[in-house]
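One structure is given below, encoded as structure tokens.
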Amino acid sequence: MDNTAQANDHNAGVSAGMFNEARAKIGKYGLRPSQCAFITDVRTYIAAQSVEQFQTIDKLGPHATLLTGQLGSVEGVPVIVSEQMGLAADSGKVSSTAASNTRGRLLIVNHTQWRKGFRRELLIETERDIQRRQNVMVVSMRVAFAERSGSRSGATHTALQYNITGV
């Protein structure tokens, strides 16, 4: 997080309120659930499935985790599990000491404020393999995400909950 005001030291277990705290951090960018997404690590997602507000039919109806086995959305905002988002230290940063990485993280983004860009355009290289009588073609490119406003240090469309315990 370049804008440190958008990061919150949750320092508690997974709860329904944790999702709202993150959403409140992005303010006007959190108004339309269809423009937002929660992104979390695997262990925080699994812990969130057992939160009572998401689990029971009387509170969530046919989308209850007891029926579906998954937490698809929270208040209309999709929950995405990232296998690439690992656990972190209590500072919210991934430590080089693996034993320190025991805390969960929850990110909320307004995806209309991010765009896909290219770090390197499409590159095509060919080579003739005379032993096999084949042409070998290698195609590569580098894709990245870029923040639309150009000022990540002041951007308020993304927020992070870190130091989530019990995951």
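The values are calculated or read from the model by the stated rules, or taken from the named source; none is laboratory data. Fair warning: this is a prediction, and the values are worked out from it, not measured in the lab. Methodologically, a virtual Cβ is constructed for each residue, glycine included, from the backbone with ideal geometry; neighbour enumeration extends over all protein chains shown. All accessible areas refer to the heavy atoms of the entire protein, side chains included, with ligands and DNA or RNA removed. Shrake-Rupley method; radii C 1.70, N 1.55, O 1.52, S 1.80 Å.
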Between 0 and 90°, nearest 10: helix 16-25 axis offset from the chain longest Cα axis:
60
Largest-first ranking of 160, 106, 122 by accessible area, probe 1.4 Å, whole protein assembly kept, is 122, 160, 106
Which whole number in µm²/s is D for segment 106-145 by Stokes-Einstein, with the Kirkwood Rh taken over Cα pairs at 25 °C and 0.890 mPa s?
185
Check the straight Cα-Cα distances from residue 116 and name the aspartates and glutamates below 16 Å, setting aside those fewer than 8 residues away within the same chain.
147
Exposed trypsin sites (Lys or Arg not before Pro) absent - longest run of the chain, DSSP non-H/G/I/E/B, at most 14 other C-beta within 10 Å
1-92
Of the accessible area of the chain, with the probe set at 1.4 angstrom, what percent is carbon plus sulfur?
49
Diffusion coefficient, µm² s⁻¹, Stokes-Einstein with Kirkwood Rh over alpha-carbon pairs of the chain at 20 °C and 1.002 mPa s
119
Would you calculate the separation in nanometres between label points at residue 21 and residue 52, each defined as 7 Å from the Cα along the Cα-to-beta-carbon direction?
1.9
Each label sits 7 Å from Cα toward the beta-carbon; between residue 90 and residue 2 the label points are separated, in nm, by 3.0
Just by accessible area at a 1.4 angstrom probe, what is the order of 137, 18, 85 from largest to smallest?
137, 85, 18
With a 1.4 Å probe and all protein chains left in place, how much accessible area per residue does the chain have, in Å²?
62
Hey, what number do you get for the chain at 222 nm if only DSSP H runs of n ≥ 4 count, each worth -39500 (n - 2.57), divided across all residues, to the nearest 500?
-4000 deg cm²/dmol
Within the chain, excluding any GluC sites (Glu not before Pro) found in a DSSP loop (not H, G, I, E or B) and having at most 16 other Cβ atoms within 10 Å, the longest uninterrupted segment runs 84-167
Antiparallel as a % of all DSSP beta bridges within the chain, to the nearest 5?
75
Dipole magnitude of the chain, debye to nearest 20 (Cβ charges: Lys/Arg +1, Asp/Glu -1, about Cα centre):
540
